[in-house]
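**Student:** One structure follows; several queries about it will come next.
The values are calculated or read from the model by the stated rules, or taken from the named source; none is laboratory data. The structure displayed is predicted, hence computed values, not measured ones. In this analysis, Cβ positions are derived from the backbone assuming ideal geometry, glycine residues included, and neighbour counts consider all displayed protein chains. Areas reflect the complete protein model, heavy atoms only, side chains present, ligands, DNA and RNA absent. Shrake-Rupley method; radii C 1.70, N 1.55, O 1.52, S 1.80 Å.
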Amino acid sequence: MNYEIASSEVVFFLGAGASVAAGVPDTYSFVEEFIKSIREPNKKTIEKIVRILKEWNEPRVDVELLLETLTKLDTMDDEPLLQ
């Protein structure tokens with residue numbers, strides 16, 4: 001058997017959270033960083049949305065859920081069920 005591997009055949013498989021060790025926030029702590037970066041009056045609105053999501057969903061809200069919620073709120077006029 002030939003066990004030589006060409007460099008083009010090498011694949012690195014990194015799972016979710018692999019960048020955390022490098023100091024990149026995970027999807028939950030990114031929400032907190034996002035909130036810190038927002039100025040008033042929008043900051044209070046985002047904090048309220050996150051608080052409601054925590055009550056409805058889970059104790060922790062990730063950035064994907066927050067962005068999906070913000071997008072739905074922004075386009076709710078196009079969503080018949082949200083009107």
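**Student:** Report every pair of residues separated by at least 6 positions or lying on different chains whose Cβ atoms are under 9 Å apart, first residue within segment 35-60 and within 20 Å of P25 (Cα to Cα), second part of a loop (DSSP other than H, G, I, E, B) and open to solvent by 80 Å² or more (accessible area, probe 1.4 Å).
**Tutor:** What qualifies is K54/R60.
**Student:** Follow-up. Are there any pairs with C-beta distances below 9 angstrom linking a residue in segment 69-80 that is under 18 Å from I49 (Cα atoms) and free of Cβ contacts under 8 Å to residues at least 12 places away in the same chain to a residue that is open to solvent by less than 90 Å² (accessible area, probe 1.4 Å) and not in a helix (DSSP H, G or I), with the two at least 6 apart or on different chains, and if so which?
**Tutor:** These pairs meet every condition: K72/E79; K72/L82; T75/L82; M76/L82.
**Student:** Name every residue in segment 40-53 that is charged (D, E, K, R), at pLDDT 90 or above and surrounded by fewer than 13 Cβ atoms within 10 Å (Cβ to Cβ), in order of residue number.
**Tutor:** Within segment 40-53, K44, E47, K48, R51 meet the criteria.
**Student:** State the number of residues belonging to segment 61-83 that are open to solvent by less than 50 Å² (accessible area, probe 1.4 Å), more than 17 Å from D26 (Cα to Cα) and part of a helix (DSSP H, G or I).
**Tutor:** Just the residues of segment 61-83 that are open to solvent by less than 50 Å² (accessible area, probe 1.4 Å), to begin with: 61-63, 65-66, 69-70, 75.
Still in the running and more than 17 Å from D26 (Cα to Cα): 69-70, 75.
Narrowing further to those that are part of a helix (DSSP H, G or I): 69-70.
Final tally of qualifying residues: 2.
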